[in-house]
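Participant: One structure follows; several queries about it will come next.
The values are calculated or read from the model by the stated rules, or taken from the named source; none is laboratory data. Remember, it's a predicted structure, so these values are computed and weren't measured experimentally. Note that each Cβ is placed from the backbone with ideal geometry, even for glycine, and that neighbours are counted across all protein chains shown. SASA here: full protein model, heavy atoms, side chains in, ligands and nucleic acids out. Shrake-Rupley method; radii C 1.70, N 1.55, O 1.52, S 1.80 Å.
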Amino acid sequence: MAVANLEIENWNSDFPALSRRGCRFSFSQFMRAFLATLLVIPAGCALAQAERAGELNWAADERMIASVTIPAEVMPLKELCSVLSKQTSSEFYVDQRLEETKIVVHIGETRLKSIMNMVEAITGFQWRLVDDVFFLTRDARGSAVMAWRERYLEAKKAQEAGNLEADVRRWLNMTMPFLPSVDPAWQLTPLQQEQIAYQQAISLLTLTPSQVDWLNAALRAAGFKTSEVMTPVDQLAVDLREVPVKLNAAMIIRSKSGDFLIEKPLMPIMPKVAPPAPPKVGTIKIDEVREKEEEKKIAIKDKLQGLWITNVDLDGLDDVVSLAKAQGFDTIFVPIFGAGQPIYPSKIFTQDRKYADDDPLKKAIALAHGQGLKLIGVLDVTLWGDAEHPAPLVIASHPSIQDCNLLGRRYAEQEVWQNAEMQNLKPKSADVIPVAEAKTSGKEVYICPASSQAARLLKSLLAELSLNYELDGICLDRVDYAHSKPFIVAGQDLTPPFGYTVEVRKEMIRLHQIDPIDVDLWGVRTDADAQALALWDKFRRGKLIGLLTELSKQFKMDNPNGIFAVTVDLASDSQSPVHWAEVPKVDALIPKLTLAKSESEGTYVYSQSEAEAIVSLNRASLKAAAVIPAAGEFGAERLAEQITALSRVVKLAKDENLGGYILIGDVSGLRAALEAIGKQVP
C-alpha cells in the first residue's frame with residue numbers, strides 16, 4: 001500500500017473548536033480507520049430494521065467494484081464527490097452543510113468501496129443510497145427521522161408516566177419564541193406563514209403587546225443600543241420595517257446598532273455564525289409589477305354564485321338545477337373524478353362502478369346547459385384509491401407516484417401504525433383523548449403532487465375531458481401533500497409530514513445537495529440549517545405551483561374560454577395561494593369555509609379566522625384571480641340552523657368584494673336549502 005496521509009478540516013460545525021483547525025491522523029490511526037473499513041460488519045444490522053433499510057446497504061451495490069484514484073491534495077468533500085462521479089459515471093453528493101469539510105486520502109488506486117468506507121471512518125459521516133444516487137450525510141438513517149423518533153420516545157415515556165402537563169410546558173418552551181406564561185401559542189395566519197416561507201421576514205406591526213415586551217427585554221439583554229426616550233422596538237421601527245425570522249426559532253436583528261441574535265428561551269447559547277449571503281433580487285419596480293398583474297385576464301367576468309354538489313344523483317339533479325336557476329345561481333360544481341376513478345366512461349381510467357353503463361357527466365352537462373348554467377368539473381388531484389375504489393396496480397406500487405411520509409411510510413401504513421400506537425397509549429385519565437380509535441381500511445392511496453408521473457396522469461385526464469365533453473371549467477381539489485390524522489402524544493404534534501418520495505428526494509439532492517429526511521423543522525441550530533429548511537419549504541411549495549402551471553396551461557390550450565379554478569386549504573403549510581393567483585392561466589381560488597355549530601348561538605357559523613384569511617387573500621391577490629369562498633356542507637336535516645350562516649356568507653362576499661360564493665352540499669341538502677331559502681338568496 002502506498003504512503004497514506006489524511007487530514008480533515010471542519011470535522012463538525014457543531015463543534016467550533018474543531019472547525020477552526022485541521023485534524024491530522026497518524027499512520028497508526030489511519031491503519032485503524034482503514035481496517036475498520038474492511039470490517040463493515042453487523043454494526044449496521046440494527047439500523048437495517050429502519051423504514052429505509054435498503055438505503056443503508058450501499059456497500060452491496062454492484063458499482064462498488066469500480067476502481068478510482070484520488071489525487072493527493074486537500075479537497076472539500078464536495079470536490080471529492082465530483083471526482084468520484086467523474087471516475088465512476090455514478091452520482092455522488094454531500095450534504096450542503098458539510099460540503100466544505102476538507103479531507104486528504106491518498107492511497108493510490110483502489111476500489112470505490114474502500115474509498116467510501118474510508119471517508120465514513122475518518123469523517124464520522126455516513127453514505128446512503130437514494131435509489132441510484134450516493135449521498136454523504138451526518139446519519140444514514142436521516143437526521144430528521146432520528147430526531148422524530150427521539151421525540152416520540154420521550155413523549156411516549158411522558159404520557160405513560162402521566163407527565164402530560166409538564167411535557168406540554170416543556171414542548172411550548174422548546175418551540176415558541178415567547179414564554180407560554182405570557183401569551184398563548186402565537187399562531188400566524190396562512191398569509192403570514194407564506195410570507196415567512198418566501199421572505200424569512202415578519203413585520204414588527206404583527207407583534208402582540210406581550211411579544212413586544214419580550215423582544216424589548218431580549219434586545220436590552222443582548223446589548224442593543226438606543227436612546228433613553230426610545231425602546232429597542234421603537235428604534236427598530238425607525239430603522240427597518242421587517243425583522244428576519246428563522247422559523248420561530250430565532251430572530252436575527254440587523255440594524256444600525258449592529259447584528260443581534262435573539263434565540264429561543266431555555267436553549268443553550270449557540271456559536272455565532274456568519275449570516276448567508278442575501279439572494280440576488282431583480283430590480284423590478286412596483287409599478288411595473290402592478291402593470292403586469294393588470295394585464296392578466298381571467299375567465300370569470302362577473303360575481304360567481306355556485307352550488308357544489310358533493311354527489312352526482314341524477315334523480316334529484318334536475319330539480320336542483322331548476323331551483324338554482326330560479327334563485328339566481330349561475331354555476332354548478334360536480335365531482336367527476338375522485339379516488340382515481342371518473343364518473344364517466346373513460347378509455348384511460350376505470351369508471352366508478354356506481355355509474356357503470358351510464359354517462360352521468362354527459363347528462364349533468366345537458367341539464368346545466370339547458371337552464372343556461374355553467375358546469376365545472378371537480379377533480380380530486382391526490383386521492384387515487386380507497387376501500388371502495390381500489391387504486392390501479394401501477395399507481396399503488398409505483399415508488400415515484402405514491403406519497404410517502406418522513407418515516408418512509410405510505411398513507412395507509414401510517415394510519416394503521418398510528419391507530420395501533422394510540423390504542424397502546426390509551427390514557428389512564430380523561431385528560432387525554434386518543435386521536436384515532438377506529439381501525440382504518442388500509443386501502444387509501446395518495447399520489448405525490450410533486451411527482452412527474454402525477455402531472456402526466458392528470459394531463460391525460462384533462463385532454464380526454466376536453467376531447468369528449470363541453471365543460472365550462474375545471475376545479476382542482478386537494479392540490480396538496482397527503483395529511484394523516486393528527487398524531488398528538490403528550491402534547492406534542494408528532495404527525496409525520498408527507499411528500500418524501502424517492503423521486504422528490506433525488507431531485508432535491510441534485511438541485512440543492514439536501515436530502516429532505518435530514519431537514520428537521522425543530523432542529524434548526526445554525527443559519528445553514530435554516531437555509532436548508534427554507535430551500536426544502538420553497539421546493540415543496542414550488543412543486544405545487546409548477547403542477548398548477550402545467551395543468552392550467554394544458555386545459556386552456558383546448559378550452560381558452562374555460563374557467564380554471566383550484567381549492568385552497570387555509571390550514572395547509574405547503575400551499576401558496578398568493579403565488580397561485582399569479583399563475584397566468586389560473587382564474588379562481590376557492591378557499592373552503594367550514595361551518596360548525598355554535599354552542600352559544602345554537603346555529604351554524606363559520607370560523608372568523610378563516611373569514612379573515614379569505615379577506616386577506618383577496619386583498620393580497622390584487623385581483624390576479626377571483627377569490628370565491630365555498631361554504632358547507634348544507635344538509636336538509638340541519639337546514640333551519642344553517643340559514644343564518646348562509647346569509648352571513650352572502651354578506652361576507654358582498655361586503656368584502658369577493659368573487660362570489662359557493663354553497664356545498666349533496667343533492668337532497670341543496671335542493672331543500674334552495675326551496676326553504678326562496679327569495680332570501682340574492
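Participant: Length gain on complete extension for the stretch residue 100 to residue 619, per 0.36 nm per residue less the alpha carbon to alpha carbon distance?
Facilitator: Details: separation 519, 0.36 × 519 = 186.84 nm, distance 4.44 nm.
That works out to 182.4 nm of additional length.
Participant: If you find the alpha carbon centre of segment 612-655 and of segment 293-359, how far apart are they in angstrom?
Facilitator: When both Cα centres are located, 19 Å separates them.
Participant: Filter the trypsin sites (Lys or Arg not before Pro) in segment 464-550 down to the DSSP loop ones having no more than 11 other Cβ atoms within 10 Å, then list what survives.
Facilitator: Those that pass, being in a loop and sparsely packed, number zero.
Participant: Can you give me the Cα centroid spacing of segment 545-611 and segment 464-492 in angstrom?
Facilitator: After rounding, the separation between the Cα centres reads 11 Å.
Participant: From Cα pairs below 8 angstrom and at least 6 apart in sequence, can you work out the relative contact order of segment 94-149, rounded to a whole percent?
Facilitator: 30
Participant: A further question follows. Would you count, across segment 470-610, every pair of lysines whose alpha carbons are under 17 angstrom apart, provided the pair is eight or more residues apart or spans two chains?
Facilitator: 6
Participant: So what is the relative contact order for segment 468-544, in percent, with contacts set as C-alpha pairs under 8 Å and at least six apart? Intermediate results must be reported in sequence, preceding the final value.
Facilitator: Details: 44 pairs, mean separation 15.5, N = 77.
Relative contact order, segment 468-544: 20 percent.
Participant: Sorted by accessible area with a 1.4 angstrom probe, largest first, how do 552, 82 fall?
Facilitator: Ranking 552, 82 by accessible area, largest first, yields 82, 552.
Participant: Relative contact order, percent, of segment 504-562 when contacts are C-alpha pairs under 8 Å separated by at least 6 residues? List each step's numbers first, then the result.
Facilitator: Working: 22 pairs, mean separation 12.9, N = 59.
Relative contact order for segment 504-562 comes out at 22 percent.
Participant: What is the ratio of the Cα radius of gyration of segment 438-510 to 2.2 N^0.38 Å, with N the residue count, to two decimals?
Facilitator: Taking N as the residue count of segment 438-510, the ratio is 1.51.
Participant: What do you get for GluC sites (Glu not before Pro) in segment 509-610 restricted to DSSP loop and a cutoff of at most 15 other Cβ within 10 Å of the site's Cβ?
Facilitator: Sparse-neighbourhood loop GluC sites (Glu not before Pro): 599, 601.
Participant: Write out the trypsin sites (Lys or Arg not before Pro) in segment 304-388 meeting two conditions: DSSP loop, and at most 14 other Cβ atoms within 10 Å of their Cβ.
Facilitator: On the way: sites: 325, 347, 353, 354, 362, 363, 374; in loops: 347.
When the trypsin sites (Lys or Arg not before Pro) of segment 304-388 are filtered for loop state and at most 14 Cβ neighbours within 10 Å, 347 remain.
Participant: Next up: Of 529, 318, which has the most accessible area and how do the rest follow, probe 1.4 Å? It would help to have the intermediate numbers written out before the result.
Facilitator: On the way: 529 30, 318 75 Å².
Accessible-area ranking of 529, 318, largest first: 318, 529.
Participant: Roughly how many Å² of residue 319 are accessible to a 1.4 Å probe, to the nearest 10?
Facilitator: Approximately 80 Å² for this residue.
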